[in-house]
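Colleague: Here's a structure for you.
The values are calculated or read from the model by the stated rules, or taken from the named source; none is laboratory data. What you see is a predicted model, and the numbers here were worked out from it, not measured in a lab. Glycine also receives a Cβ, built like all others from the backbone with ideal geometry; neighbour counts cover every protein chain displayed.
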Amino acid sequence: MTRIVEKSILGQYQGARITRFVITAEDVALKAKPGQFIMLMVKEEGERIPLTVVDTNKKDKTVTLIVQELGFSTKLLGSMNVGDSLYALVGPLGHATPIQNFGEVVLIGGGVGIAEIYPVAKALKEAGNRLITILGSRTKDLLILENELKAVSDEFYVTTDDGSHGRKGFTVDVLKEILESGRPLPKIVYAVGPIPMMRRVAETTKAANVKTLVSLNALMVDGTGMCGGCRVTIGSESKFTCVDGPEFDAHDVNWAELTKRNQVFVEQEKHICHLGRV
Amino acid sequence: MRKEPVKVREVEAEKRVAGFDEVVLGYSEEEALTEASRCLQCKNPVCINGCPVGINIKGFIHHITQKDYKGAYFTIREKNNFPSICGRVCPAEYQCRKACILTRKGSPFASDNSINIHFLERFTGQMGINNGWMVPSETSEDLSKFKVAVVGSGPAGLCCAGELARKGIQVTIFESLHKTGGVLRYGIPPFRLPHSILDFEIDYLKKIGVVFKPNSIIGKGKTLQELKNEGFDAIFLGLGAGIPTFLGIPGENLGNITSANEFLTRANLMSAFKFPDYHTPVNIGRHVIVVGGGNTAMDAARVALRLQKMRGIPLDTTLVYRRSEVEMPARRLEIAHAKEEGLKLKFLVKPEEFIGDANGLVQKLKCVACELGEPDASGRRRPVEIKGSDFELDCDLAVVAIGLKANAILPKVTPELTTDKNGDVIVDPQTMETSIKNVFAGGDIVGGEGTVIEAMGMAKRAAQGIINRLLAPTSGTNLENTKGVGYANKC
Ligand code: FES
């Protein structure tokens, strides 16, 4: 049985909240690598929700998850407290991020996507890479893991949409400057965040011809390859995000399709949220 | 004078599409007795050859006629662990009933006049449940020291676990989903197989000592080697054929086009038909198209009709199939039920392209008409496109149910496990042992997409293989691809 052993609020602004949980999950704690995720159900009648494994503690057999309380199910999770049990958790799922010494790497994290950048950053640093990290959030109070990422980065930038912290603007603005500065191009760019952000990063690095990986947040049901609900078009092929990904070459992703596919349940989401049962 | 077959009681179509309750109500004792009395008790009971696991059909029906229901139950249980499940989901009209002497020779499936063996089996299974009859365990000291891991809790895994546990072996079943039962839970809708029946059989296994570990994805969490290191003496892989196939036509990734697996998993496993009390959503359309001709397609179509009804949408669900009705691999009973419930069927139609609206949602399905040509490898006549016959169907939700392939998660991380070009695991057909010693496999992961009873048949063989292996650890294996053994029902 999975139990919550720690809970903290990392960011809060108007209605939005980003929460960190440490929970017991032996298999995942022992096996998960950066880039992998788990599926979690808060209750028996709940949805299976995919969440990135942010950190693992092999000794305590716990994992760290960071969730933005956006929809019904993530808010339900956010309402859980230390000592509470969660109905189900399975993982680790998906492929791990390829970690090697590339040389110089640009890491871009937007919003709660920063949570996924963090384990990757640590692993890439350990593998000897020089890290340029660019974090972005709507506003200062929703920026997470700033100190943790600063500590492993060689160059570090923060942007906020409203200018309340770091530079006013978007992560892609900083990326553009770096790519256009005339210094040697980074070997690889790794970006996780909202789809519009990843899409703009992809367009920018494609023009500069820099290899770019993104981690996609397609809608999932099982997370184990059995439904195909998470399919995305990569180049001319259809792939399942949960088993073929979640990371793909950003330049091959059909962003328009992914954006639309992720909208198919908005009506139901509105309905269940309006009932206000969390 | 020969008696008429006893019709089984069913909930009337209008009422049953309003929910997910069971459609077929089964025989009463009296009805079962009458139907059983129709059995000719042939000297040479050919029906038995039609059963993939060789149940002594003549014998169990005779017991029924004598009102010896316990005798009937144990006769079935000699070969089949789950009569109450198989009595509901077995495609009897292609198996025992087709072989029954009362079926007209050369008929592609059972004649109506053949004995309703499956309903008698179901009746007997229900008696077993009602009376709590348990097949006595035959534990032995030799075997009770062994531990076996079963990976996957579908028909094959459950069956293998039951066989081993009855001998006193300590069995643990690992299941990747949060609920056990595999396709019996996520695929087959409760109106065909109520979850209470499945739960009864699973509880029975728990009673005889089987330990269930849901949320355990072997290959991603623990590896086979780690299971061995933990002290499991043998492993059975009942991984199933869990990966949906798509048509590969333009527009297939538009919104509201799902695999049957996704549609059924949302509805059955996640209980999306009870949204918002259950939180997983499922979309339904005004014009639903289901592509395919197998049982999964029928299940999806019947779920679609129910969702339309439950949400107050006028029933409009159409099944398109590229061959004609006789070639449909689906059960005849399901086809009949689906028609009664309002399913429209369009035959000799091949989907060519999905067309979407500005929001990226499916709007139309472009098709081409076909005619039947020469028989293909399956022996059924091949659909041939008629040039220039393109037409469009309204479609705001499409369910693709054209087949499944092997789940590759475990084989991918286990290179020593030999698979064929379809990704199916290769086994010694006698023992069901894989290329890895002490690792066995059965069900769809070996034979490709097949039926519940075929999977159980293989699992039983594997259980015997495991027992022999545990008792004689050094004997050799003979690897061979068993593809094609009894698995002919393809779309
Ligand atoms: S979530 Fe079902 S296949 Fe990926």
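Colleague: Condition first: surrounded by 24 or more Cβ atoms within 10 Å (Cβ to Cβ), under 22 Å from B:G447 (Cβ atoms) and in contact with a Gly (Cβ under 6 Å, 6 or more places away or on another chain). Can you find one or more residues in segment B:71-82 that meet it?
Modeller: Yes, some residue in segment B:71-82 is surrounded by 24 or more Cβ atoms within 10 Å (Cβ to Cβ), under 22 Å from B:G447 (Cβ atoms) and in contact with a Gly (Cβ under 6 Å, 6 or more places away or on another chain).
Colleague: Also: Please verify whether B:T258 is within 26 Å of the chain's Cα centre (by Cα), within 8 Å of another protein chain (Cβ to nearest Cβ) and either outside any loop (DSSP other than H, G, I, E, B) or away from the ligand (no atom under 16 Å from the Cβ) (or both), treating the condition exactly as stated. Walk me through it before giving the result.
Modeller: Working: within 26 Å of the chain's Cα centre (by Cα): yes; within 8 Å of another protein chain (Cβ to nearest Cβ): yes; either outside any loop (DSSP other than H, G, I, E, B) or away from the ligand (no atom under 16 Å from the Cβ) (or both): yes.
Yes.
Colleague: For a quick check of your reading of the model, give me the residue pairs whose first member lies in segment B:323-334 and is more than 17 Å from B:D376 (Cβ to Cβ), whose second is among the polar types (S, T, N, Q) and crowded, with 22+ Cβ neighbours inside 10 Å, with beta-carbon atoms closer than 8 Å and at least 6 apart or on different chains.
Modeller: That search, which allows pairs on different chains as well, returns B:A330/B:N295; B:R331/B:N295; B:E334/B:N295.
Colleague: Further question: Working carefully through the options B:F236, B:F263, find the one that is in a helix (DSSP H, G or I) and either of a type in the set (A, V, I, L, M) or touching a helix residue (DSSP H, G or I) at 6+ places or on another chain (Cβ under 7 Å) (or both).
Modeller: B:F263
Colleague: Give me the residue from segment B:261-283 that is more than 16 Å from the ligand (Cβ to nearest atom) and under 15 Å from B:P194 (Cα atoms) and, out of that set, farthest from the other protein chains (Cβ to nearest Cβ).
Modeller: Checked segment B:261-283; the qualifying residue farthest from the other protein chains (Cβ to nearest Cβ) is B:F273.
Colleague: Please determine, by comparing only the residues of segment B:364-378 that are assigned to a strand (DSSP E or B) and without any contact (Cβ under 8 Å) to a residue 40 or more places away in the chain, which one is nearest to A:Q263 (Cα to Cα).
Modeller: Within segment B:364-378, the match that is nearest to A:Q263 (Cα to Cα) is B:K364.
Colleague: Then there's this: Does segment B:151-167 contain at least one residue that is among the acidic types (D, E), modelled with pLDDT of 95 or more and surrounded by 21 or more Cβ atoms within 10 Å (Cβ to Cβ)? Let's see the steps before the verdict.
Modeller: Residues of segment B:151-167 among the acidic types (D, E): B:163.
If we keep only those that are modelled with pLDDT of 95 or more as well, we get none.
No, the conditions are met nowhere in segment B:151-167.
Colleague: Sticking with this one: How about segment A:261-273: which of its residues are surrounded by fewer than 19 Cβ atoms within 10 Å (Cβ to Cβ) and under 26 Å from A:K211 (Cβ atoms)?
Modeller: Scanning segment A:261-273 gives a single hit, A:N262.
Colleague: Please state which of the following conditions B:F354 fails to meet, knowing it meets all the rest: (1) more than 16 Å from the ligand (Cβ to nearest atom); (2) within 14 Å of chain A (Cβ to nearest Cβ); (3) buried (at least 20 other Cβ atoms within 10 Å of the Cβ); (4) modelled with pLDDT under 95.
Modeller: (4)
Colleague: Can you tell me how many residues within segment B:216-233 are over 21 Å from B:G465 (Cα atoms) and part of a loop (DSSP other than H, G, I, E, B)?
Modeller: 9
Colleague: A follow-up question, please. Only one of B:T296, B:T318 is of a type in the set (S, T, Y) and assigned to a strand (DSSP E or B); which?
Modeller: Working: B:T296 fails: assigned to a strand (DSSP E or B).
Answer to the check: B:T318.
Colleague: In addition: Pick from segment B:29-62 the residues that are without any contact (Cβ under 8 Å) to a residue 60 or more places away in the chain and among the aliphatic types (A, V, I, L, M): which of them is surrounded by the most Cβ atoms within 10 Å (Cβ to Cβ)?
Modeller: Here the answer is B:I61.
Colleague: Across segment A:251-265, which residue is nearest to B:I284 (Cα to Cα) among those that are without any contact (Cβ under 8 Å) to a residue 60 or more places away in the chain and more than 10 Å from every other protein chain (Cβ to nearest Cβ)?
Modeller: Filtering segment A:251-265 for residues without any contact (Cβ under 8 Å) to a residue 60 or more places away in the chain gives A:251-254, A:256-257, A:260-261, A:263-265.
This time we only want the ones that are more than 10 Å from every other protein chain (Cβ to nearest Cβ), so: A:251-253.
Numbers: A:H251: 33, A:D252: 31, A:V253: 28 Å.
If we take residues in segment A:251-265 being without any contact (Cβ under 8 Å) to a residue 60 or more places away in the chain and more than 10 Å from every other protein chain (Cβ to nearest Cβ), then A:V253 is nearest to B:I284 (Cα to Cα).
Colleague: Another question, if that's okay. Go through segment A:144-168 and give me each residue that's part of a loop (DSSP other than H, G, I, E, B) and more than 19 Å from A:G103 (Cβ to Cβ).
Modeller: Within segment A:144-168, A:I144, A:L145, A:D161, A:D162, A:G163, A:S164, A:H165, A:G166 qualify.
Colleague: Pairs needed: first member in segment A:211-238, within 27 Å of B:L239 (Cβ to Cβ); second member anywhere, in a strand (DSSP E or B) and near the ligand (Cβ under 6 Å from one of its atoms); C-beta distance under 9 Å; at least 6 residues apart or different chains.
Modeller: Short answer, once both residue conditions are applied: A:A218/A:F240; A:G225/A:F240; A:C227/A:F240; A:G228/A:F240; A:G229/A:F240; A:C230/A:F240; A:R231/A:F240; A:V232/A:F240.
Colleague: Now a separate question. Out of the residues in segment A:89-108 that are more than 15 Å from A:S153 (Cβ to Cβ), in a strand (DSSP E or B) and among the aliphatic types (A, V, I, L, M), state the one that is nearest to the chain's Cα centre (by Cα).
Modeller: A:L93
Colleague: How about segment B:211-247: which of its residues are at the interface with chain A (Cβ under 8 Å from one of its Cβ atoms) and out of contact with any Asp or Glu (no Cβ under 9 Å at 6 or more places or on another chain)?
Modeller: B:I243
Colleague: With respect to B:R302, determine if the residue is within 16 Å of the ligand (Cβ to nearest atom), at pLDDT 95 or above, farther than 21 Å from B:D444 by Cα and not in a loop (DSSP other than H, G, I, E, B).
Modeller: Taking the combined requirement at face value, the residue does not satisfy it.
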